[in-house]
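The values are calculated or read from the model by the stated rules, or taken from the named source; none is laboratory data. Model, not experiment: these values are computed from the prediction. Here the Cβ positions follow ideal geometry from the backbone for every residue, glycine too, while neighbour counts run over all protein chains shown.
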Amino acid sequence: MPTQLIASDSQRKQLTDHLRKQLRRISKSHNCTPEAPHANAGLSFNGRERFILFAPPLVSAILKGRKLVTRRLAGKGQKLPAICPYGVTGDRLWVREKWGYRQQFFDRRAPNEGPFVYAADGPPAGAKRLAWRASLHMPRCACRLVLRVESVRCERLTQITKKDAIDEGCPEEHLRDPVGWFRELWEGLSADSQKSWQANPWVWVICFGAKFLSPA
């Protein structure tokens, strides 16, 4: 099958509109505008922007320049995917991560307003309680990390190579067996047998390289 599957303009627009509606609904509950300007907002950008979820350890790996790619479930069994929901080369992915309002780590009654803190960095010094919120509920204005999609391809999960696994953010202490590390990481993300390593599902391989864009 082709190494890159590109959706039609109408399909991509339909998916993007759906995601934007969800984002606006969530953002309204956080006193936050759904779209925050980029530092390079004056530059030409003709692609599309979508959100993507990352666990705290993987956010840390991205910030350190160790994670350059991510794999996301594309299909189950022999069913082949048709559209990559994360876009194509040139599109942007704004990262949703585990987060919180800094004031609420000291006062349960503090309002839902910035500044923001992130689980990948740990709780703020002197915190009296933990007030982390799920990554899915992070509003756009709390985003600190925007990635540019450099390439997209579709392949079977177990096709991952040693180099691929290292680019997934493998920690130094696991470099002797990066594929084994990635397998354990993948298995820990879902208990669904159809998504397991043994099931060997189709996955989207989304490369974003070492550079990321500042959303500030």
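Annotations
- Look at (1) on the phi > 0 side of the Ramachandran plot; (2) among the small types (Gly, Ala, Ser); (3) at pLDDT below 95 and you find that Gly122 fails only one, number (3).
- Selection count, region 149-187, where residues are closer than 16 Å to Gly65 by Cβ and of a type in the set (Asp, Glu): 4
- Among residues of region 73-95 that are surrounded by fewer than 17 Cβ atoms within 10 Å (Cβ to Cβ) and modelled with pLDDT of 90 or more, those with a beta-carbon under 7 Å from a residue that is aliphatic (A, V, I, L, M) and in a loop (DSSP other than H, G, I, E, B) at least six positions away or on a different chain give the pairs Thr89/Val149; Gly90/Val149.
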